[in-house]
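First the structure, in the form of structure tokens, and then the observations on it.
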Amino acid sequence: MVKTMILGVLFTMITAGSYAQNLRSDKGHENNPYYSTTDTSKIQVSNAEWKKILPKDLYAVAREKDTERPFTGKYWNSDTRGSYYCAACGNALFKSDAKFASSCGWPSFYEPLRENSVTYQEDNSIGMQRIEVLCGRCDAHLGHIFNDGPPPTNKRFCMNSISLDFEPDNSVTAK
Ligand code: FE
């Protein structure tokens, strides 16, 4: 009985480990040593280091707070069921259950996956008062939060597609 349980735990650990590895290589993160969909501990990596690791367009958004043009990203119009991760570090950020059809041209969610999946910071750039949303693990810029979302939170997490990796549900069994 105990032996079966230990084997079960070992199997789960190995499966979870190889799944994280698969996601890393699927999304082109082979050269990113910080990428993990299971490790939620905070990481501090310099911009100089990120610049060596991240694709140019992701670096511009994640580390220099650039914004992708509306209606151009991969996920603004997607309603596939699954999970969204930070494209820089792999941190789990949103579930598709909290995604809603927004006309703004960026993927929009009414709540993060966990309360500390993301952090917030005042942003008074470009003559506007906004609240910036950052990855809770690596501080990557994700987008902004507004108060015009749907119930139950009435929040709109307005995210850049490029800052997100998407993994559809049941993709583990599909592999
Ligand atoms: Fe991150």
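Here Gly127 fulfils each of the conditions (1) more than 11 Å from the chain's Cα centre (by Cα); (2) within 16 Å of the ligand (Cβ to nearest atom); (3) on the phi > 0 side of the Ramachandran plot apart from (2). No other residue among Ser46, Ser117 is within 12 Å of the ligand (Cβ to nearest atom), out of contact with any Ser or Thr (no Cβ under 8 Å at 6 or more places or on another chain), within 22 Å of Asn32 (Cβ to Cβ) and of a type in the set (Gly, Ala, Ser) apart from Ser117. Scanning region 124-142 for residues that are part of a loop (DSSP other than H, G, I, E, B) and not small (Gly, Ala, Ser) turns up Asn124, Met128, Gln129, Arg137, Cys138, Asp139.
Right, Ser25: surrounded by fewer than 21 Cβ atoms within 10 Å (Cβ to Cβ), in a loop (DSSP other than H, G, I, E, B), at pLDDT below 95 and out of contact with any helix residue (DSSP H, G or I) (no Cβ under 7 Å at 6 or more places or on another chain) or not?
Against the criterion (surrounded by fewer than 21 Cβ atoms within 10 Å (Cβ to Cβ), in a loop (DSSP other than H, G, I, E, B), at pLDDT below 95 and out of contact with any helix residue (DSSP H, G or I) (no Cβ under 7 Å at 6 or more places or on another chain)), Ser25 does not qualify.
Please determine, by comparing only the residues of region 54-70 that are in contact (Cβ under 8 Å) with a residue 24 or more places away in the chain and not in a loop (DSSP other than H, G, I, E, B), which one is surrounded by the most Cβ atoms within 10 Å (Cβ to Cβ). Ranking the qualifying residues of region 54-70, first place goes to Ala62. So, in region 73-93, of the ones that are over 22 Å from Arg114 (Cα atoms) and in contact (Cβ under 8 Å) with a residue 60 or more places away in the chain, which residue ends up surrounded by the fewest Cβ atoms within 10 Å (Cβ to Cβ)? Filtering first and then ranking leaves Lys74.
Out of curiosity, is Ala92 at pLDDT 95 or above, small (Gly, Ala, Ser), touching a helix residue (DSSP H, G or I) at 6+ places or on another chain (Cβ under 6 Å) and within 13 Å of the ligand (Cβ to nearest atom)? Criteria not met by Ala92.
Residues considered: Phe157, Phe166. Of these, the only one that is within 10 Å of the chain's Cα centre (by Cα), more than 14 Å from the ligand (Cβ to nearest atom) and at pLDDT 95 or above is Phe166.
The rows are residues; the columns are (1) within 15 Å of Ile162 (Cα to Cα); (2) touching a strand residue (DSSP E or B) at 6+ places or on another chain (Cβ under 7 Å); (3) of a type in the set (Asp, Glu); (4) modelled with pLDDT under 95.
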position: Pro55; (1), (2), (3), (4): yes, no, no, no
position: Ala62; (1), (2), (3), (4): yes, yes, no, no
position: Thr80; (1), (2), (3), (4): no, yes, no, no
position: Cys86; (1), (2), (3), (4): yes, yes, no, no
position: Ser108; (1), (2), (3), (4): yes, yes, no, no
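For region 100-123, how many residues are assigned to a loop (DSSP other than H, G, I, E, B) and among the hydroxyl-bearing types (Ser, Thr, Tyr)? Result for region 100-123: 3. Here Ser103, Ser78, Ser83 are screened, and the one residue that is more than 16 Å from His141 (Cβ to Cβ) and either under 12 Å from the mean Cα position of the chain (by Cα) or within 16 Å of the ligand (Cβ to nearest atom) (or both) is Ser83.
Could you tell me whether region 31-50 includes any residue that is under 26 Å from Cys104 (Cβ atoms) and touching a residue at least 60 places away in the same chain (Cβ under 8 Å)? Can you show your working first?
First, pick out the residues of region 31-50 that are under 26 Å from Cys104 (Cβ atoms): none.
No: region 31-50 contains no residue that is under 26 Å from Cys104 (Cβ atoms) and touching a residue at least 60 places away in the same chain (Cβ under 8 Å).
The single condition among (1) within 19 Å of Asp66 (Cβ to Cβ); (2) outside any strand (DSSP E or B) that Asp97 does not meet is (1).
The values are calculated or read from the model by the stated rules, or taken from the named source; none is laboratory data. Because the structure is a prediction, the values reported are computed rather than measured. All Cβ positions, glycine included, derive from the backbone under ideal geometry; neighbour counts span all protein chains shown.
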